[in-house]
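Worksheet: the structure to be examined is printed underneath.
The values are calculated or read from the model by the stated rules, or taken from the named source; none is laboratory data. Given the structure is predicted, the values throughout are model-derived calculations rather than measurements. Cβ placement follows ideal geometry from the backbone for every residue including glycine, while neighbour counts extend to all protein chains displayed. Note: accessible area is taken over every heavy atom of the protein model, side chains too, but ligands, DNA and RNA are not part of it. Shrake-Rupley method; radii C 1.70, N 1.55, O 1.52, S 1.80 Å.
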Amino acid sequence: MAETDGACSGTLTEPLTPAANLIVALRGAKSVFVLTGSGISAESGLPTFRGVGGLWRTHRVEELASPEGFASDPVLVWTWYNERKAAHEAAQPNAGHLALAQMEDAFDDFTIATQNVDSLHLRAGSRNVLELHGSLREARCTNCSARRPLDAAGLPCQEIDHSCGGRWRPDIVWFGESLPRDVWQKAQEAAARADVILVVGTSAVVYPAAALATHYNARAFVAEINPQPTPISSRVACTLRGPAAEVLPRIYPSGAVVSE
Ligand code: APR
């Protein structure tokens, strides 16, 4: 990203680089919407789902992330989520999470909708975070909807059965389940009113979350930040091919994004 090295060369007719286009768009923005996926937490040491060594490469999604899988083997499911919970607790927000937390102060309206359940955006200091797929901070009962906080160790497997006859389950949205209605509605509204949409670290193959990037706002400047192309790459205004923890801090600290 040579444009951030300060050297002023070239002619005014040269097209702006993708990053420069994004900075210009952010400069004029009042409302920013950010959709994130597991890629933003990759540099915090957490695996993605579909990448090399991804969770769905090494585990059977139907066994671990579906109501049916939970019903047939809740101990297997909790053992796996307890491992993930421990990894989340041991991880730290990275420069990508921190840059987004800082950006929030620069805009009147700034929303992060994350598919991640690792709470790293909140731990980085972001405030307006919509957790589309839930979080691993609590468990809820399958029968009476009671809730209980989860500490770093998660839920002891001998406590899966709840006194009401139900079972404690992770407060996660599993395949085949609907997203929390209020969270989804707020995410759609925030995407629809955004001047700039950042799509960070998601393969954009899981719906309805992926629709937030391109389905609700034909006028927004949409930028994708991902080392790899995705199915939406051809439908966005700008793609920055790099790791989030490298690209996001370069987009923001330039100070060029402080809205007028
Ligand atoms: N910075 C930015 N993007 C990255 C990085 C990085 N350092 N490392 C990997 N990526 C990108 C990958 O190129 C890939 O496009 O992150 C994306 C991760 O994609 P997935 O593994 O499919 O994860 P995600 O998009 O979050 O999955 C969506 O699927 O399994 C369900 O509920 C689960 O929330 C999850 C949803």
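Values as computed for the structure displayed
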read-out: Test: residue in region 134-150 that is open to solvent by less than 60 Å² (accessible area, probe 1.4 Å), within 16 Å of the ligand (Cβ to nearest atom) and among the hydrophobic types (A, V, I, L, M, F, W, C); value: yes
read-out: Breaking point among (1) within 16 Å of the ligand (Cβ to nearest atom); (2) under 24 Å from P93 (Cβ atoms); (3) among the small types (G, A, S), for G154; value: (1)
read-out: Matching residues, region 84-105, being open to solvent by less than 10 Å² (accessible area, probe 1.4 Å) and farther than 25 Å from A29 by Cα; value: A91
read-out: Residues being more than 6 Å from the ligand (Cβ to nearest atom) and either open to solvent by less than 10 Å² (accessible area, probe 1.4 Å) or closer than 19 Å to E246 by Cα (or both) - total across region 201-221; value: 6
read-out: Residues that are out of contact with any strand residue (DSSP E or B) (no Cβ under 7 Å at 6 or more places or on another chain), modelled with pLDDT of 95 or more and of a type in the set (G, A, S), drawn from region 210-235; value: A210, A211, S234
read-out: Filter result for I160 (more than 16 Å from the ligand (Cβ to nearest atom), in contact (Cβ under 8 Å) with a residue 60 or more places away in the chain, open to solvent by less than 80 Å² (accessible area, probe 1.4 Å) and β-branched (V, I, T)); value: yes
read-out: Residues of region 222-246 that turn out to be of a type in the set (G, A, S), buried (at least 20 other Cβ atoms within 10 Å of the Cβ) and more than 9 Å from the ligand (Cβ to nearest atom), as a count; value: 1
read-out: Among residues of region 48-97, those that are in contact with a strand residue (DSSP E or B) (Cβ under 8 Å, 6 or more places away or on another chain) and within 12 Å of the ligand (Cβ to nearest atom), counted; value: 3
